[in-house]
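The values are calculated or read from the model by the stated rules, or taken from the named source; none is laboratory data. From a predicted model like this one, the values you see are computed outputs, not experimental measurements. Neighbour counts run over all protein chains shown; Cβ positions are idealised from the backbone, glycine included.
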Amino acid sequence: MTSPAPASPASTPRTGVFRALRHRNYRLFFGGQTISLIGTWITRVATSWLVYRLTGSVLLLGVVGFAGQIPTLILAPVAGVLVDRWNRHRILVVTQVLSMLQSFALAGLSFAGIITVRDVLLLQMAQGIINAFDTPARQSLVVQMVEARADLPNAIALNSSMVNLSRVIGPSIGGVIIAAVGEAWCFFIDGLSYLAVIASLLAMRVAMKPREAPSTRIVEELHDGFRYVTSFPPIRSALLLLAVVSMMGMPYTVLMPAVAANVLHGDSHTLGFLMTAAGCGALAGAFYLASRPTVLGLGRVIAVAASTFGIGLVLFSLSRHLVLSLLLLPVVGAGMMVTMAATNTVLQTIVEERLRGRVMAFYAMAFLGAAPIGSLIAGVVADRIGPTNTIALGGVACIAGGVWFAVRLPRFRAFVRPIYVERGIIPDT
């Protein structure tokens, strides 16, 4: 094997938690997206509370979660092929505009006082279709926003910190707005927040690489991406673990209104506090990843984080006191975020560029697409054994997944090391 070429100044590793922000395009995206995501989390809290207020049903909470995310599971593979074919920047502009219109539709129906659970279901499904294209396009475009490959892991970690900063701020604001003026204003504010990210995208100067006209059909490219993902053990196993964590662990967020109201005997403020506590832990986890100077060792981090997420869920399910729950949820949030973001970083680092959109579509399927199945299962199970027992079962599954992944790590290193040597991440020694 030949030695890699000396690293260019642009690829020389830099230190600092915010080093990816030195890239203008990424800096614009980070600012606009942060504002937009705060609005998104305000809407998530408002949607859950609205459905629970209208129905009092944990089953319907699960159904709404299912409706909002199942389109990603169905459409993401095809969306990944199109992301590899089309202009990713343009796709993002379109998806953000459509998401803004979806939020305004929720607001309009709520202001009119005619919104029903069926309306929420249909609009959640519409957002899920949008997200099926938005997620792989967003993840793939990060590489073009950050010119220096050495800063890519930091950019991905900062993306996670952006999501979780909004997750800390959004639910708290949402709880206050719901209590003061109702859910409709939450949806309206979310719609306005999309203007920030649309403006940031339009202000970017993205050098698009010329794309050759595809010589194969979509079905063939889809099969090519599926074969690549399933035949490469590190990618296959990382996505399987993420799917287990998402399907079995993430439904705790769908059941949170029931926990806040029936287990902890609170209201919308309580729900906002619980979501904020989890967001604080997730933000801390994202900053931890952003502070790491290298991708080396992330496999072990993924295994530990998944297991920690599961342990946190089990302990949270046993809590009957608000203060104890608020102390446990940061552990839950950190475990989930580190699992998700570290998996993203590893995939982005080792994937072939021509397949990036398709692989990130499978990532979206594992993270967002598996969640609706988990939400539906959690809603049905919680209706029979209660939300806390359902959360505990999910935690046990996450612990088992983390242990399984840790056992397989030595085998993965044999596959990943040649890629890291070829790309100059580690020396050829």
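When the criteria are applied in full, Ile129 fails the requirement of being part of a helix (DSSP H, G or I), buried (at least 23 other Cβ atoms within 10 Å of the Cβ), touching a helix residue (DSSP H, G or I) at 6+ places or on another chain (Cβ under 9 Å) and of a type in the set (A, V, I, L, M).
Total residues in segment 50-86 satisfying the condition of being over 24 Å from His223 (Cβ atoms) and over 21 Å from the mean Cα position of the chain (by Cα): the figure is 11. In segment 326-342, the residues that are at positive phi never reach a residue that is crowded, with 24+ Cβ neighbours inside 10 Å and charged (D, E, K, R) with C-beta atoms less than 8 angstrom apart, at least six apart or across chains. Looking across segment 313-356, just one residue is within 20 Å of Leu409 (Cα to Cα) and outside any helix (DSSP H, G or I), and that is Val351.
Taken over segment 117-146, residues that are among the β-branched types (Val, Ile, Thr) and under 12 Å from Pro71 (Cβ atoms) amount to 3.
Within segment 172-184, residues that are under 13 Å from Trp49 (Cβ atoms) sit with their Cβ atoms under 7 Å from residues that are surrounded by fewer than 19 Cβ atoms within 10 Å (Cβ to Cβ) and not aliphatic (A, V, I, L, M), at 6+ positions apart or across chains, in these pairs: Gly175/His269; Ile177/Trp185; Ala179/His269; Ala184/Phe111.
On the stretch given as segment 45-81, residues that are over 18 Å from Ile373 (Cβ atoms), surrounded by fewer than 21 Cβ atoms within 10 Å (Cβ to Cβ) and not hydroxyl-bearing (Ser, Thr, Tyr) total 4. Scanning segment 359-375 for residues that are within 22 Å of Val259 (Cβ to Cβ) and buried (at least 21 other Cβ atoms within 10 Å of the Cβ), we see that the one that is modelled with the highest pLDDT is Gly374.
Restricting attention to segment 143-163, the residues that are of a type in the set (A, V, I, L, M), over 23 Å from Ser103 (Cβ atoms), in a helix (DSSP H, G or I) and modelled with pLDDT under 75 add up to 5.
A single entry from Thr339, Thr308, Thr388 fulfils the requirement of being of a type outside the set (A, V, I, L, M) and under 15 Å from the mean Cα position of the chain (by Cα): Thr339. Taking segment 265-302 on its own, how many of its residues are surrounded by fewer than 21 Cβ atoms within 10 Å (Cβ to Cβ), of a type outside the set (Ser, Thr, Tyr) and not in a helix (DSSP H, G or I)? Residues in segment 265-302 being surrounded by fewer than 21 Cβ atoms within 10 Å (Cβ to Cβ), of a type outside the set (Ser, Thr, Tyr) and not in a helix (DSSP H, G or I): 7 in total.
Among the residues of segment 232-252, how many are farther than 18 Å from Gly402 by Cβ and free of Cβ contacts under 8 Å to residues at least 60 places away in the same chain?
To start, the set of residues in segment 232-252 that are farther than 18 Å from Gly402 by Cβ comprises 232.
Within this subset, residues satisfying the condition of being free of Cβ contacts under 8 Å to residues at least 60 places away in the same chain are none.
Of the residues in that region, 0 qualify.
Filter segment 310-335 for residues that are closer than 21 Å to Leu289 by Cα and either crowded, with 24+ Cβ neighbours inside 10 Å or basic (Lys, Arg) (or both) and give the result. The answer is Gly310, Gly312, Leu329, Val332, Gly333, Ala334, Gly335. With respect to the conditions (1) touching a residue at least 12 places away in the same chain (Cβ under 8 Å); (2) within 25 Å of Ser291 (Cβ to Cβ), Arg417 falls short on a single one, namely (1).
The single condition among (1) crowded, with 21+ Cβ neighbours inside 10 Å; (2) within 21 Å of Thr253 (Cβ to Cβ) that Ile169 does not meet is (1).
Assess whether Met248 counts as being within 28 Å of Gly357 (Cβ to Cβ) and either of a type in the set (Val, Ile, Thr) or crowded, with 24+ Cβ neighbours inside 10 Å (or both). Full working, then the answer.
Numbers: within 28 Å of Gly357 (Cβ to Cβ): yes; either of a type in the set (Val, Ile, Thr) or crowded, with 24+ Cβ neighbours inside 10 Å (or both): yes.
Yes.
Answer yes or no as to whether Thr343 is polar (S, T, N, Q), buried (at least 24 other Cβ atoms within 10 Å of the Cβ) and out of contact with any Gly (no Cβ under 7 Å at 6 or more places or on another chain).
Yes: the conditions hold for Thr343.
Tallying residues that are modelled with pLDDT under 85 and of a type in the set (A, V, I, L, M) within segment 203-244 yields 9.
Picking from residues in segment 63-98 that are more than 16 Å from Tyr363 (Cβ to Cβ) and of a type in the set (Lys, Arg), the one that is modelled with the highest pLDDT is Arg90. Of all the numbered requirements in (1) on the phi > 0 side of the Ramachandran plot; (2) crowded, with 22+ Cβ neighbours inside 10 Å, Val416 misses one, and that requirement is (1). Filtering segment 164-176 for residues that are modelled with pLDDT under 75, under 18 Å from Ile198 (Cα atoms) and in contact with a helix residue (DSSP H, G or I) (Cβ under 8 Å, 6 or more places away or on another chain) leaves a non-empty set.
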